[in-house]
1. Residue 173 is checked against (1) in a loop (DSSP other than H, G, I, E, B); (2) of a type outside the set (Gly, Ala, Ser); (3) more than 15 Å from the ligand (Cβ to nearest atom); (4) farther than 21 Å from residue 188 by Cβ and fails just one. What number does that condition carry?
2. Residue by residue through segment 126-140, note down the ones that are over 10 Å from residue 30 (Cβ atoms) and surrounded by fewer than 21 Cβ atoms within 10 Å (Cβ to Cβ).
3. Which of the numbered conditions does residue 273 fail, given that it passes all the others? Conditions: (1) within 22 Å of residue 297 (Cβ to Cβ); (2) free of Cβ contacts under 8 Å to residues at least 40 places away in the same chain; (3) in contact with a His (Cβ under 8 Å, 6 or more places away or on another chain).
4. Under 8 Å between Cβ atoms, which residue pairs at least 6 apart in sequence (or on different chains) link something in segment 238-251 that is free of Cβ contacts under 8 Å to residues at least 60 places away in the same chain and among the hydrophobic types (A, V, I, L, M, F, W, C) with a partner that is in a loop (DSSP other than H, G, I, E, B) and within 13 Å of the ligand (Cβ to nearest atom)?
5. Pick out, from segment 180-245, the helices (runs of 4 or more DSSP H) lying fully within it that include 1 or more residues that are away from the ligand (no atom under 15 Å from the Cβ) and touching a Lys or Arg at 6+ places or on another chain (Cβ under 7 Å).
6. For segment 104-125, give me each residue that is touching a residue at least 60 places away in the same chain (Cβ under 8 Å), more than 6 Å from the ligand (Cβ to nearest atom) and either over 13 Å from residue 154 (Cα atoms) or acidic (Asp, Glu) (or both).
7. Can you pull out the residues in segment 130-160 that are part of a helix (DSSP H, G or I) and within 26 Å of residue 218 (Cβ to Cβ)?
8. Among the residues of segment 55-76, is any crowded, with 20+ Cβ neighbours inside 10 Å, modelled with pLDDT of 95 or more and within 28 Å of residue 314 (Cβ to Cβ)?
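The values are calculated or read from the model by the stated rules, or taken from the named source; none is laboratory data. Just so it is clear, the structure is predicted and the values come from calculations on it, not from any experiment. Neighbour counts run over all protein chains shown; Cβ positions are idealised from the backbone, glycine included.
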Amino acid sequence: MRIETLRQRLRALGANPRHEQRVLRLWSQALPQTAGKRQVEHFLPAPLVAELPAITEELAALARLESEHPGEDGSARLLVRLGDGQLVESVLLPRDGLCVSTQVGCAVGCTFCMTGTTGLIRQVGSAEIVAQVALARTKRPVKKVVFMGMGEPAHNLDNVMEAIELLGTAGNIGHKNLVFSTVGDPRVFETLPRGPVKPALALSLHTTRADLREQLLPRAPRLTPEELVEAGETYARATGYPIQYQWTLLDGVNDSDDEIEGIVRLLSGRYAILNMIPFNTVEGMPYVRPSWEKAADIARRLHRRGILTKLRQSAGQDVDGGCGQLRARAQKPERP
Ligand code: SF4
């Protein structure tokens, strides 16, 4: 379901923009039913009040909790069943963050990502994206939403922008706490600055070598690392938020001295943070996780050269932490 379809339905039931906002606020913030009921009966038109239980039920059915997998780091991976039975993952992050999925599967096919192995199965609708937030808010407060789960948000741009607009208004999330994560697509750099809610931007860099990037991200748009950083810098200066460059560290692949020099060349003086995340080993994938000591040494060397680098664990990595692994496991046929 699109949020716009929901809005049209509310309007057809007599809602004015304030009523509409009130219903969207109750839903997206998962406000307690009792407070909601009182407000609803006082302030909404009668046809809408009559229809509201059915609408509430439909919205709850957009994203239901299939299973929850707490990690040792305070995160929790949620396997979420969408209305048509498809499964996606959301991750409750430490410090009130939530990572949501924007597609079932993904067409980019990054060679280090389980989600990329399935190809694109379907888009996640804007209301289904917000429903992941509403579901998470029944468990914990959510003050930050990162669009870094399954899928490439740039390939589902209309739905993601609609969800961002709602979350940044009725959903009560600060605009810089909405983080659009992409491999880099020219449409993103055209669309994001025009939106009423401008999210922060995370760009998947992973290497400073154009040829290696083509191998690692085989169906990403053919922007060179230089072009990507140039476009990112323009957006960072326009919004006042630094770009978060993502770097999945693969042992022996993108952790060489040449790469470190490349990063220094590319990011020196840029309004940027480099997030380094050691690869989470996945059975059957041709990559190895580097030791934490090695990763920490790379981060220290970059820091000394003036690059703001944060070394991060993939959240909940003790519970099949790589994006798409929970879904893949849930869909494996049971062994007899
Ligand atoms: Fe898609 Fe992101 Fe996985 Fe790449 S890392 S295949 S963009 S979900």
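1. (4)
2. Matches in segment 126-140: 140 only.
3. If we test residue 273 against (1) within 22 Å of residue 297 (Cβ to Cβ); (2) free of Cβ contacts under 8 Å to residues at least 40 places away in the same chain; (3) in contact with a His (Cβ under 8 Å, 6 or more places away or on another chain), just (3) comes out false.
4. 247/205; 247/206; 249/279
5. 225-239
6. 111, 112, 114, 117, 118, 125
7. Across segment 130-160, the qualifying residues are 153, 154, 155, 156, 157, 158, 159, 160.
8. Scanning segment 55-76 turns up at least one residue that is crowded, with 20+ Cβ neighbours inside 10 Å, modelled with pLDDT of 95 or more and within 28 Å of residue 314 (Cβ to Cβ).
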